[in-house]
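Notes to accompany the following structure.
The values are calculated or read from the model by the stated rules, or taken from the named source; none is laboratory data. Please read these numbers as outputs of a predicted model, since none were measured by experiment. Here the Cβ positions follow ideal geometry from the backbone for every residue, glycine too, while neighbour counts run over all protein chains shown. Surface areas here come from the heavy atoms of the whole protein model, side chains and all, with no ligands, DNA or RNA. Shrake-Rupley method; radii C 1.70, N 1.55, O 1.52, S 1.80 Å.
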Amino acid sequence: MSNALLAETTLLDFDHPAIRTLIRDRRWLDGDDFHRIGSIHDFVRNEIAFGYNRDDAMRASQVLADGYGQCNTKAILLMALLRASGIACRLHGFTIDKALQRGIVPEAVYGLAPAEIVHSWVEIWFDDRWVVLEGFIIDDPMLGALQRRFAGRRKLCAYGVGTDALADPPVRWQGHDTLIQASGIARDLGRFDSPDAFFAVHGQRFGRIRGWIYRYLIRHWMNRRVRGIRRQRIPRLLELTSRVSPSEHGLPPSA
């Protein structure tokens, strides 16, 4: 296993005191890999709420301080915690169709969003194979609210969720892939040893004006809508987009 897959980087700043304290307090250096991975995965999934940070390329310690994140920022924190606990991991980059954000991005500004949005998941080396971790993105209160609202619906690609198994998506660590946005994937951008390398090539390009509008206005609007979804105030959409499964996209396997 390459040392690069366990290394600290600028974004994976796991020697930061707040991260070291968290790892010590949670006793993540104790026990076997299976339970260590599960505990870290559950922490990022539920104790770091789903929400939109000011940028994708944030240091893990900054994401931890925010206490919330989306696919890319939560992936950075997850990787930092895993590597600091001795679990080798890498980043797999994609784009997702912006339809996955319908209901969170307000309809008034939905047309300003790029057609494809930068997305990533984490791959870990476990039990002599690569395993995908993506199920950490959406917290249980938000997922539960969507499951109640769309009870009986199998597929959903909106409100930050992209799954073909809404009633019981594979989001809990059981030793195999966890997934919650994969059915919204549009393009495969490849695997990277670190998020630093990925964002050096594939950062979201909003442009200066749209970037300012997103950072200081739109993301706060989106975060209010996310909080509303958790309280069962789910914006109504005239049409929901159902996407096909990752295998139907012809995406590469994780190994």
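List of remarks:
- Probe 1.4 Å, accessible area per residue of region 153-205, Å²: 41 Å²
- Of the peptides 166-178, 77-89, the order by per-residue mean of other Cβ atoms within 10 Å, starting with the highest, comes out as 77-89, 166-178.
- Summary of the geometry: region 53-128 and region 5-35, compared by the centres of their Cα atoms, lie 18 Å apart.
- Calculated from backbone phi, Karplus (6.51, -1.76, 1.60) coupling profile of region 2-9 in Hz, x at Gly/Pro: 5, 5, 4, 7, 10, 7, 7, 9
- Residue-count net charge about ILE23 - beta-carbon cut-off 12 Å; Lys, Arg +1, Asp, Glu -1: +3
- Taking 0.36 nm per residue of separation and subtracting the current Cα-Cα distance, fully stretching the chain between GLU107 and ARG187 would add 26.4 nm.
- Length added when fully stretched, ARG172-ALA18, from 0.36 nm per residue minus Cα-Cα: 52.9 nm
- Each Lys and Arg Cβ is given +1 and each Asp and Glu Cβ -1; about its Cα centre, the chain then shows a dipole of about 1320 debye.
- Computed over region 1-113, the P(r) curve from all C-alpha pair distances, binned at 10 Å from the origin, holds 13, 43, 29, 12, 3 percent per bin.
- Debye equation applied to the C-alpha atoms of the chain, log10 I(q)/I(0) at 0.10 Å⁻¹: -0.45
- Estimated vicinal HN-Hα couplings, Hz - region 132-137 in sequence order (Karplus 6.51, -1.76, 1.60; Gly, Pro = x): 7, 10, 9, x, 7, 6
- For region 52-63, 3J(HN,Hα) computed residue by residue from phi via the Karplus equation (6.51, -1.76, 1.60; θ = phi - 60°) reads 10, 7, 6, 7, 7, 8, 10, 5, 4, 5, 6, 5 Hz, glycine and proline entered as x.
- Rounded percent of accessible protein surface that carbon and sulfur make up, region 1-127, 1.4 Å probe: 50 percent
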